[in-house]
Amino acid sequence: MATQKMLKFVTLGRQMPEKRSAEERSEDFHEIYREFADAKAKEQASRCSQCGVPYCQSHCPLHNNIPDWLRLTAEGRTREAYLVSQQTNTFPEICGRICPQDRLCEGNCVIEQSGHGTVTIGAIEKYITDTAWEEGWVEPIRPAVERPESIGIIGAGPGGLAAADRLRRMGFQVTVYDRHDRSGGLMIYGIPGFKLEKDVVQRRNALLEDGGVEFVLNCNVGEDLSFDAIRGKHDAVLIATGVYKTRDLDIDNPDAHGVIRALDYLTASNRIDLGDDIPDFADGELDARGKRVLVIGGGDTAMDCVRTAIRQGARSVKCLYRRDRANMPGSQREVQNAEEEGVEFVWLSAPAQFIGAAQGDAGPVTAINAERPHIARVRVQKMRLGKPDVSGRQSPELIEGADYDEPAEMVIKALGFEPEELPRLWGVEGLETTRWGTIRADFRSHQTSLSGVFAVGDIVRGASLVVWAIRDGREAADSIAEYLGASAQVAAE
Ligand SMILES: Cc1cc2nc3c(=O)[nH]c(=O)nc-3n(C[C@H](O)[C@H](O)[C@H](O)COP(=O)(O)OP(=O)(O)OC[C@H]3O[C@@H](n4cnc5c(N)ncnc54)[C@H](O)[C@@H]3O)c2cc1C
Ligand code: SF4
């Protein structure tokens, strides 16, 4: 009886795969969790209560058939578990690694609600597809029929790639354009290797290429090739360009030497991890080694920066955030990982001024320096939480006279991202945007205001998650097929 293998949560405790010690993992950029052993994955999957209404599934943006693949794993039928898992998710092993499960599937697991500790859904999803890769079950796309219509996809992040995968399975001719030299979007150049190792992304890119998806890399649409040219070349176009405009600080001289943007820092570190030569890293500008590092921000990008700085051998790493721990946007799991690795969080604190080395204690960089002296200190203001604003969130208020100086040789600004102004940059008339600058697209069909042009991922949602970009990309692929008059029949996956 299948259920005899399940419902073990009463006798079996929750266990994650082993986490490497903070000392060991702080020395490298490898993922921090080891693989589940086969027996452990089966055992942990068997904790699922197979409830009639699986809240995990409804809170997964992809509506993964979680109870089904947990049961198949518990029964040792890993290949079947893989086949079920990849029907709804284009990159299950990536989501298993980097989804904030505590807010999605696992946070809504019924046995978590009853105090037994959630089923480790993400770790098992990763185990199933990693096993599939090891066993050679993951095969390139071989469409049953080739169709003549072609689709141009701008942006090789998870949104664009999920659409490319699904469209190619239907037999369409797919070309993906990206301004970077590698595909993967933020999965390759944003998210660090200790959360998502680069070869996990690269083997997916290679598989898509093997399956006939064409990549045009180093192609900045709007500069190297116009949007109109892409539109003229393809029967439909998908915009999946993400959001890259960095939010900045409204203080004097936010660009003092040694004050850097999070994505410049993370991209350089990821490129080093991939074996590239980066002059700004080699000359020390983007290398935290030996420095006192201050990271400003409380989101997941800030968490990635502090943990990268630890691995680069920073002398000390502190994170300044203007609210408190309970009110930060970043995941608590990541804060805990960062603290274990030696990061100090300075809650209820915000930068007021950057002070340069050349002036010693003489004053702010802006006042005296025309040549951008190197940052030496940050004047920090202390905050308290005031009354809730309209959104119900408590706003930080300044505590007068509580300022102090924090020494720093590197300051990383991790304050979030906004969309670039695509219609203006690309000179496209009629491409409607919202008042936040994101592209206006129908939330189901992903059709924009231009005929035959669709949009997905962060450029529509604002900064979001990989799993939402995948969902959008899959849905848009079906809408594009419908638009082109083809039934959305996906080749055997
Ligand atoms: C540091 C960091 C850490 C994150 N960590 C997580 C995490 O742990 N879990 C999670 O779920 N999400 C995380 N996210 C968010 C996640 O990465 C994004 O939500 C997701 O990648 C969005 O996918 P996308 O396809 O919309 O865009 P992107 O991944 O941003 O890809 C867009 C692609 O479009 C290309 N492009 C842009 N403009 C042009 C142009 N003009 N011409 C050609 N190409 C262009 C870019 O080069 C890029 O490759 C993180 C984000 C950051 C910045
Ligand atoms: S895709 Fe993300 S939310 Fe869905 S089951 Fe996997 S880890 Fe959970």
Packing-ranked peptide list from 433-441, 78-86, highest mean Cβ count within 10 angstrom first, is 78-86, 433-441
Provide the FRET efficiency to the nearest 0.05 for the LYS245-GLN336 pair, computing r from the beta carbons and using R0 = 25 Å. 0.25
Subtracting the Cα-Cα distance of GLU397 and GLU24 from 0.36 nm times their residue separation yields 130.3 nm
Rg in Å to one decimal, and Dmax rounded to a whole Å, for the stretch 246-416 via C-alpha atoms: 15.9, 49
Potential lengthening between HIS374 and GLU344 on full extension [0.36 nm per residue; Cα-Cα distance subtracted]: 8.5 nm
From Cα pairs below 8 angstrom and at least 6 apart in sequence, can you work out the relative contact order of the chain, rounded to a whole percent? 16
Whichever lysines have a C-alpha closer than 26 Å to that of LYS8, once near sequence neighbours (fewer than 8 apart) are set aside: LYS19, LYS40, LYS42, LYS126
Provide the FRET efficiency to the nearest 0.05 for the TYR55-ARG14 pair, computing r from the beta carbons and using R0 = 22 Å. 0.85
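Let me have the relative contact order for the stretch 203-312, percent, based on Cα pairs under 8 Å that are six or more residues apart. Present the calculation step by step, with values, prior to reporting the outcome.
Values: 40 pairs, mean separation 18.7, N = 110.
RCO, the stretch 203-312: 17 percent.
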Enumerate the aspartates and glutamates that LYS198 could reach by cross-link, defined here as Cα to Cα under 12 Å, with residues fewer than 8 away along the same chain left out. GLU31, ASP273
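Extension gain ARG79-ASP228, at 0.36 nm per residue separation less the Cα-Cα distance, in nm?
Details: separation 149, 0.36 × 149 = 53.64 nm, distance 4.45 nm.
Gain on stretching ARG79 to ASP228: 49.2 nm.
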Calculate what fraction, in whole %, of the accessible area of the chain sits on carbon and sulfur atoms when a 1.4 Å probe is rolled over the protein chains. 47
What the Cα atoms of the chain span along the principal axes, largest first and in whole Å, is 72, 62, 47
For the chain, the per residue accessible area (1.4 Å probe, Å²) is 43
What is the Cα radius of gyration of the stretch 204-259 over 2.2 N^0.38 Å, N being its residue count? 1.76
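How much FRET efficiency would the formula 1/(1 + (r/R0)^6) give for LEU207 and ARG147, where r is the Cβ-Cβ distance and R0 is 30 Å, rounded to 0.05? Working shown, then result.
Numbers: r = 20 Å, r/R0 = 0.68.
In this case the efficiency is close to 0.90.
Note down the Stokes-Einstein diffusion coefficient of the stretch 172-227 in µm²/s, whole number, using a Kirkwood radius over alpha carbon pairs, 25 °C, and 0.890 mPa s.
201
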What is the stretch 246-416's relative contact order, in percent, from Cα pairs under 8 angstrom and six or more apart in sequence? 29
Could you pull out every one of the lysines with an alpha carbon less than 17 Å from that of LYS382, ignoring same-chain neighbours closer than 8 positions? LYS318
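The values are calculated or read from the model by the stated rules, or taken from the named source; none is laboratory data. For clarity, every value in this text was computed on a predicted model and none was experimentally measured. Every residue, glycine among them, receives a Cβ derived from its backbone with ideal geometry; neighbour counts consider all protein chains shown. To get the accessible areas, we keep the full protein, side chains included, count just its heavy atoms, and leave off ligands, DNA and RNA. Shrake-Rupley method; radii C 1.70, N 1.55, O 1.52, S 1.80 Å.
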